[in-house]
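The values are calculated or read from the model by the stated rules, or taken from the named source; none is laboratory data. Only a predicted model underlies this, so the values are computations on that prediction, with no experimental measurement involved. Methodologically, a virtual Cβ is constructed for each residue, glycine included, from the backbone with ideal geometry; neighbour enumeration extends over all protein chains shown. Note: areas computed on protein heavy atoms with side chains; ligands, DNA, RNA excluded. Shrake-Rupley method; radii C 1.70, N 1.55, O 1.52, S 1.80 Å.
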Amino acid sequence: MTALVSLCCLGAAAQAQAVEVHNMRLWSAPDHVRLVFDMSGPVNANVFTLDSPDRVVIDLDSTDLDFDVDKLDLDDSAISKVRTGVRESGGLRVVLDVNRSVAPKSFTLPPNEQYSDRLVVDLDYPGASAVKDPIDPIEAMIRDQEIAAQRAQKEAVAEGNPEQAETVASAVEAQPHPKRDIIVAVDPGHGGEDPGAIGPNGTREKDVVLDIARKVKQRFDQTPGFKAFLTRDGDYYIGLRQRTLIARQQKADFFVSVHADAVRSSQPSGSSVYALSQGGATSETARWLAASENQSDLIGGVDGSLSLDDKDEVLRGVLLDLTMTATMNDSLATGGQVIDQLGRINKLHKSSVEQAGFVVLKSPDIPSLLVETGFISNPREEAQLKSSAHQAKLAQAIYEGIVAHFRQHPPPSSLLAWQRDQGRGGASNEYRVQRGDSLSQVAASHNISMKALKQANGLDSDILRVGQVLTIPGG
Ligand SMILES: [Zn+2]
């Protein structure tokens, strides 16, 4: 009798342990697809691939399926079909037929306030770009050269002997003007499992900010001299660090993250603009300097792996401080322009650029802003944020602010710099760079120091461009 009771209870316990998959969600990105299993409890999963044809197999121990896999929208993903079966041992087998080679990884997540236990399977596409229209290899090369020259310059300043760098590059003959595009990273906040803030009428931040970001990109792409890309162009999640990494990989000149605020009260409304705070910059500098941090991408990605001896560490600190300070100043100046434009079309929640330690603003070398376009928690503003016309106005304001900054401070190799110089060169204190010129030779022929010449022209490298117009100080 006693034995029978315990047997019955064991059986009940085993049955209660069978996990149920009650929902599956799929998020498709340009370089991966994420499949999420929502489950009634934790589960052991084994994920592996099979070739010819390419498939991914997901085996789940003691699990039942209570979801129709045909409901999954597979469009734009590498998954062409999802099949399921019951394993002999009593578990669930899910087979994903894939139309390209994929590298799977998986992890489980405990329940939170929004979701139950989850199994997340990411299929990465080897060699695929995280953005839809990645930077052209020639553009990337021009940017790398420019970044390397600026870095050499900063290093020489950090070492206390700026003349040293000049001897290397200052004798180099003027190069053809690349007339390059200024590259703007537009970052729609949130995405995928992370909806962001949700308005009283159910509007999701992730959707409206994607709409606005797409309009910002479109405005830049319509403007000669600019090119924009989206860090996220669809409904999928990207980590905060990943967003800044994508901006670095695409050699962005500027990064702007688009969000919509929410607070408990339905009253607050209006736009605000954030740049990185000094505290955020200081802690980020510390993070980059920490030995545990991978240094290989530091300041421009050209031979970033500085050695760890004491002198280099000090140098690295000074170098980072110089870079961070310049980046923050550019961010604040541009933020002021964006606030100015936003104030013309919308109420401002804060009338000057706010500063905070947001992770997406922490690129040491890419000026970055975060724009809170409005309060999705305010019913009136929620409705506006959904309106295409209002979205277009917000996008136009963000675009105008950034363009205004770059028209004032165009990077030397940009089309904007070249266009500006077309209208100059006639004054007695101006000199147009000819083929065969070098910085040292132009300085010598005008009887001025290279330092004075560079200062007068805000040059952050010693490379001259044919057609560039230099102001001759004291001339
Ligand atoms: Zn947000």
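Can you give the relative contact order of the stretch 182-408 as a percent, counting alpha carbon pairs under 8 Å and 6+ residues apart? Walk me through the numbers before you get to the answer.
Working: 446 pairs, mean separation 70.7, N = 227.
Relative contact order comes out at 31 percent.
For the chain, the relative contact order works out to 16 percent when only alpha carbon pairs closer than 8 Å and six or more residues apart are counted. Per residue, the chain exposes 46 Å² of solvent-accessible protein surface, assessed with a 1.4 angstrom probe and all protein chains in place. Computed from phi, the 3J(HN,Hα) profile of the stretch 179-187 under the Karplus parametrisation 6.51, -1.76, 1.60 (θ = phi - 60°) reads 6, 6, 6, 7, 9, 10, 8, 10, 10 Hz, with x in place of Gly and Pro.
Close amide H contacts of residue 24 (hydrogens built in the peptide plane, cut-off under 5 Å, sequence separation of 5 or more or a different chain): 38. Using θ = phi - 60° in the Karplus curve 6.51 cos²θ - 1.76 cosθ + 1.60, the 3J(HN,Hα) couplings for the stretch 342-348 round to 5, x, 7, 10, 8, 5, 9 Hz; x is entered for Gly and Pro. Between 184, 39, 94, the Cα set farthest toward the positive side of the dipole of the chain (charges on each charged residue's Cβ, about the Cα centre) is that of 184.
Using a cut-off of 20 Å between Cα atoms, the listed pairs 350/393; 347/393; 105/132; 217/347; 154/451 include 105/132; 217/347 as exceeding that distance.
Taking amide H as placed 1.01 Å from N in the peptide plane, the amide H of residue 177 sits under 5 Å from that of 466, each at least 5 places away or on another chain. Of all DSSP bridge pairs formed entirely within the chain, close to 65 percent run antiparallel.
Only the Cβ atoms of Lys and Arg (+1) and of Asp and Glu (-1) were treated as charged; on that basis the dipole of the chain about its Cα centre amounts to roughly 1400 debye. Binned at 5 Å from 0, what are the whole-percent values of the Cα-Cα distance distribution for the stretch 19-124, short to long? Bin by bin from 0 Å, the calculated values are 2, 13, 25, 26, 20, 10, 3, 0, 0.
Of the beta bridges DSSP finds with both residues in the stretch 182-408, what % are antiparallel, to the nearest 5? Walk me through the numbers on the way to the answer.
On the way: 5 of 25 bridges.
Bridges in the stretch 182-408 that DSSP calls antiparallel: roughly 20 percent.
Compared with the alpha-carbon gap, the fully stretched path from residue 359 to residue 87 is longer by 93.5 nm at 0.36 nm per residue.
The phi torsions of the stretch 354-359, fed into the Karplus equation with coefficients 6.51, -1.76 and 1.60 and a -60° offset, translate into couplings of 7, 10, 8, x, 4, 4 Hz, rounded to whole numbers, with Gly and Pro shown as x. A Förster distance of 35 Å, applied to the separation of the beta-carbon atoms of residue 383 and residue 31, puts the FRET efficiency at 0.50. Reported to the nearest whole Å, the Cα centre-to-centre distance from the stretch 69-84 to the stretch 414-475 is 59. Accessible surface of the stretch 55-161, 1.4 Å probe: 47 percent of it comes from carbon and sulfur atoms. Taking amide H positions as modeled 1.01 Å from N, with prolines and chain starts lacking one, the residues under 5 Å from residue 236 and 5 or more places away or on another chain are 192.
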